[in-house]
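Here the structure comes first, spelled out in structure tokens, and everything after it is commentary.
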Ligand SMILES: N[C@@H](CCC(=O)N[C@@H](CS)C(=O)NCC(=O)O)C(=O)O
């Protein structure tokens, strides 16, 4: 099974953002860094035919389908990668994973809130995804997906907060990353790890296509974070969107 070249299924991005979905972009970065030969397939519309959970990213090794970016990176770590994707030393490794989870559980949701729960940003997102001219089908799709995302955001708790509260939380998250970044190197060592890929995957698209200027400004105002995202993309030998 491991001899087959894996296929990564992701939502598309654009303008050098690997994917509009941060977990998808994280796996794109990790795979690029690892040097493991693979291919990438982009999913336009529903992921249900690809993904058992209906969500992306999905990594396919032949018949095996791995959903969830954390599980995908865990699986990749079992392979003989040309370049390992996280530190080997146990304490640094734990540190790396904590950053990955912090992004998944915190900044990911702040970014989702910015896109979906701030009305002017949500309008821009819908115009980008569906185009300005709405058919009845598109209008129904837009209503259903928005309702579902808002339901998830409320279930997580962030959707119950005001935009100002979430913006302030986002600033605190960025300050935390800034404080943790060493003068040289990455969050958990000299090479980028899973936490770095996760942070870069979110920050690189902080104002993707002008959708979330509030988040874009918060990131752009922090040179250390901008330098970090550029360093991660450079280590992955991918062109950086910011
Ligand atoms: N925790 C999961 C999150 C996956 C996820 O929620 N993906 C979103 C895109 S960011 C998705 O596929 N949404 C489509 C849907 O839920 O229908 C991971 O890290 O992979």
Taking 0.36 nm per intervening residue step and subtracting the Cα-Cα distance, what contour gain separates residue 164 from residue 136 on full extension?
-> 6.7 nm
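Of the beta bridges DSSP finds with both residues in the chain, what % are antiparallel, to the nearest 5?
Numbers: 9 of 13 bridges.
Looking only at bridges with both residues in the chain, the antiparallel portion is about 70 percent.
Rule-of-thumb check for the stretch 18-97: C-alpha Rg over 2.2 N^0.38 Å?
Numbers: Rg = 13.1 Å, N = 80, 2.2 N^0.38 = 11.6 Å.
For the stretch 18-97, the normalised Cα radius of gyration is 1.13.
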Label the stretch 1-48 by shape, choosing from rounded, prolate and oblate, from the square roots a ≥ b ≥ c of the eigenvalues of the Cα gyration tensor; if a/c is under 1.5 it is rounded, and otherwise prolate applies when a/b is larger than b/c, oblate when it is not.
-> oblate
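Restricting to the stretch 7-77, compute how many DSSP beta bridges are antiparallel as a %, nearest 5.
Working: 8 of 12 bridges.
Percentage antiparallel, nearest 5: 65.
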Gaussian network model of the chain, springs between alpha carbon atoms under 10 Å - residue of 30, 80, 188 with greatest fluctuation | 80
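Given the rule -39500 (n - 2.57) for each run of at least 4 DSSP H residues, summed and divided by the residues of the chain, what is its mean residue ellipticity at 222 nm, to the nearest 500 deg cm²/dmol? Spell out each step's value before the answer.
On the way: 10 runs with 126 residues, N = 242.
That comes out to -16500 deg cm²/dmol.
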So for the stretch 164-242, using the alpha carbon gyration tensor with a ≥ b ≥ c as root eigenvalues (a/c under 1.5 gives rounded; past that, a/b versus b/c decides prolate or oblate), I'd call it oblate
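Below 8 Å, C-alpha to C-alpha, sequence gap of six or more: please give me the relative contact order for the stretch 7-77 in percent. Show your work: numbers first, answer last.
Details: 107 pairs, mean separation 24.4, N = 71.
Reported relative contact order: 34 percent.
When only Cα pairs under 8 Å and 6 or more residues apart are kept, what is the percent relative contact order across the chain? Before the final figure, lay out the partial values.
On the way: 336 pairs, mean separation 56.6, N = 242.
Worked out over the chain, it gives 23 percent.
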Find how many whole Å separate the alpha carbon centroid of the stretch 49-101 from the alpha carbon centroid of the stretch 119-153.
-> 30 Å
Normalised contact order of the stretch 102-242, rounded percent, pairs of Cα under 8 Å and 6 or more residues apart = 26 percent
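In terms of the Cα gyration tensor, with a ≥ b ≥ c the square roots of its eigenvalues, is the chain rounded because a/c is under 1.5, prolate because a/b exceeds b/c, or oblate?
Numbers: a/c = 1.81, a/b = 1.19, b/c = 1.52.
Here the chain falls in the oblate category.
Throughout, read-outs are computed from the coordinates displayed, never taken from laboratory work. The structure displayed is predicted, hence computed values, not measured ones.
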